[in-house]
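For reference, the structure is listed below as structure tokens.
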Amino acid sequence: MTYQEAIEYLYAATPVFQQVGTTAYKPGLETTHTLDTHYGHPHRCYRTIHVGGTNGKGSTSHTIAAVLQASGYRVGLFTSPHLLDFRERIRVNGEMVSEDFVCRFVEEAKPLIEERSPSFFEITTLMAFDYFRQAQVDFAVIEVGLGGRLDCTNIISPIASVITSISKDHTQLLGDTLEAIAREKAGIIKPHTPVIIGRGESPEVREVFVKKTAEEEAPIIFAEEAVHIKAQTPEFPGQSFTLKGEEARPYYFGLGGLVQRDNFRAIYATIQELRRQGIAISEEAFCDGLRDVVSLTGLRGRWEVLSQHPTLICDTAHNEDGVRYIVEQLRSLQRPLHIIFGMVNDKDIRGVLQRLPKEARYYFTAASVPRALSPEELQALAEQYGLQGATYPNVHEALIAARKAANPDTDVLFVGGSNFLISDLLADFSTTDIN
């Protein structure tokens with residue numbers, strides 16, 4: 001079995017949320033426990049940190065992994081979805097899982113897949129756990145796939161849990177109120193296990209976490225109360241954070257974007273908790289991990305500047321809360337905006353559109369996945385919110401048009417609205433001379 005054959009088999013034999021959406025979602029942990037038993041509970045062979053929340057999971061997971069890696073540990077990282085290559089989901093010290101391991105795992109798992117019919121994410125999760133065991137990692141940072149309580153990653157017993165933020169997303173599966181969503185996310189809180197809440201939430205959401213931690217006798221740390229930021233200063237391509245009451249130099253974070261303020265607090269508070277547990281993480285290693293998160297882990301698509309003249313930026317934010325930060329940052333640039341935009345059809349499209357700046361010129365397009373909303377439908381909805389532009393069949397054509405229309409010395413091009421659109425964009429950059 002070749003690597004391409006293994007991936008095609010996984011897509012064909014298991015329901016893939018990335019491709020078909022909610023019909024691929026399998027709530028409950030029964031199948032995962034069966035798979036876990038079959039593979040001999042691999043996640044028990046190393047210490048884990050569990051990261052959930054609506055937005056910020058990816059940045060937070062990658063950065064915690066980078067700090068641990070900079071500290072000299074062997075670190076597994078499991079995240080989703082991937083942008084260009086399936087193997088991005090499973091990394092050890094930044095290196096993607098080998099094609100050979102994926103082939104061997106899938107070939108050996110075929111009878112089990114055909115017998116138990118796991119989802120794509122369920123079998124992928126066990127692939128990651130098994131790979132980390134074979135790679136003899138010291139730690140594994142595990143990002144929740146969707147929700148928390150019924151997510152198949154929730155079979156682990158972490159040394160710390162992180163919930164980055166709560167906002168509306170996947171409401172058809174997790175509930176249509178923030179409190180309902182918070183209850184699902186709070187499902188990763190384990191008995192006597194510290195939990196870090198990344199962003200200050202409403203009193204109702206906060207109460208959900210307080211109640212759950214009381215039930216589990218778990219220490220709770222609200223990062224916004226524990227980490228006080230004095231200043232946030234852009235320093236291309238990242239930014240610096242200065243904490244109140246500290247004379248030390250600012251912390252340089254290699255990720256740009258206003259939203260990283262919330263993530264930085266969660267990361268800082270989590271590292272402090274790991275130190276309290278006796279895990280050796282020097283100040284130098286913390287700074288190195290923050291600075292070099294992109295090179296250490298391969299993270300992409302977070303306020304990523306792809307080229308200049310004109311400036312081209314992309315970001316994977318895809319719901320109302322995430323887009324709110326993006327729009328604030330775009331407006332802060334005070335430059336003419338060209339926005340290449342596409343969304344999938346099961347998101348709160350109207351909630352996102354009402355956030356977008358009316359002063360921008362739009363290039364409505366669609367990602368190459370079945371869930372993508374057509375450019376024509378998106379344009380029709382956008383016009384109801386005063387957003388004007390034209391339609392393009394794909395991101396390649398949209399980007400060509402935007403570059404022709406933009407002043408290379410003053411204008412900013414932004415691509416966003418969907419992970420899958422960013423995936424298409426990055427794939428285009430890697431295979432053509434578009435950049």
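The values are calculated or read from the model by the stated rules, or taken from the named source; none is laboratory data. In this text the structure is predicted, and so the values were computed from the model without any measurement. When we count neighbours, we look across all protein chains shown, and the Cβ atoms used for this are built from the backbone with ideal geometry, even at glycine. When the accessible area is computed, the model is the full protein with side chains, heavy atoms only, and any ligands, DNA or RNA have been set aside. Shrake-Rupley method; radii C 1.70, N 1.55, O 1.52, S 1.80 Å.
Summary of values
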{"item": "Neighbour net charge for residue 50 - beta-carbon separation under 9 angstrom, K R +1, D E -1", "result": "0"}
{"item": "Between segment 306-356 and segment 234-290, the Cα center-to-center distance that results, in Å", "result": "26 Å"}
{"item": "Under 18 Å from the Cα of residue 230 - aspartates and glutamates, other chains or at least 8 residues apart", "result": "246, 247, 262"}
{"item": "Extension gain, residue 242 back to residue 358 (0.36 nm per residue minus Cα-Cα distance, nm)", "result": "38.4 nm"}
{"item": "Per DSSP, loop trypsin sites (Lys or Arg not before Pro) in segment 236-311 with at most 15 further Cβ within 10 Å", "result": "244"}
{"item": "Reachable aspartates and glutamates from residue 211, criterion Cα separation under 15 angstrom, eight or more residues apart if same chain", "result": "179, 184, 201"}
{"item": "Length-normalised contact order of the chain in % [C-alpha pairs under 8 Å, at least 6 apart]", "result": "16 percent"}
{"item": "Order by protection proxy (mean Cβ within 10 Å, highest first), peptides 36-46, 132-142, 51-61", "result": "51-61, 132-142, 36-46"}
{"item": "Apportionment of accessible area to carbon and sulfur, segment 302-429, percent (1.4 Å)", "result": "47 percent"}
{"item": "Residue among 177, 124, 48 with the largest mean-square fluctuation in a Gaussian network model of the chain, springs linking Cα atoms under 10 Å", "result": "177"}
{"item": "Farthest toward positive dipole pole in segment 1-295 [+1 Lys/Arg, -1 Asp/Glu at C-beta], among 69, 79, 279", "result": "279"}
{"item": "Charged-residue dipole, Cβ positions (Lys, Arg, Asp, Glu), the chain about Cα centre, Debye nearest 20", "result": "740 debye"}
{"item": "Point-charge dipole on Cβ atoms (K/R +1, D/E -1) for segment 76-229, about Cα centre, debye to 20", "result": "140 debye"}
{"item": "Most mobile listed residue (245, 257, 289) in the chain, GNM with C-alpha springs under 10 Å", "result": "245"}
{"item": "Theoretical ellipticity at 222 nm over the chain - DSSP helices of four or more residues, -39500 (n - 2.57) apiece, nearest 500", "result": "-12500 deg cm²/dmol"}
{"item": "Farthest toward positive dipole pole in the chain [+1 Lys/Arg, -1 Asp/Glu at C-beta], among 385, 420, 200", "result": "200"}
{"item": "Options 142, 314, 166, ranked by Cα towards positive dipole end of the chain, top entry (Cβ charges)", "result": "166"}
{"item": "Alpha-carbon centroids, segment 76-96 and segment 97-139: separation in whole Å", "result": "13 Å"}
{"item": "Given 110/190; 185/358; 57/185; 190/347, the pairs whose alpha carbons are separated by over 22 Å", "result": "110/190; 185/358; 190/347"}
{"item": "Within the accessible area of segment 1-295 (1.4 Å probe), percent carbon and sulfur", "result": "48 percent"}
{"item": "Whole-number accessible area per residue in Å² for the chain, which is evaluated in the context of all protein chains at 1.4 Å", "result": "40 Å²"}
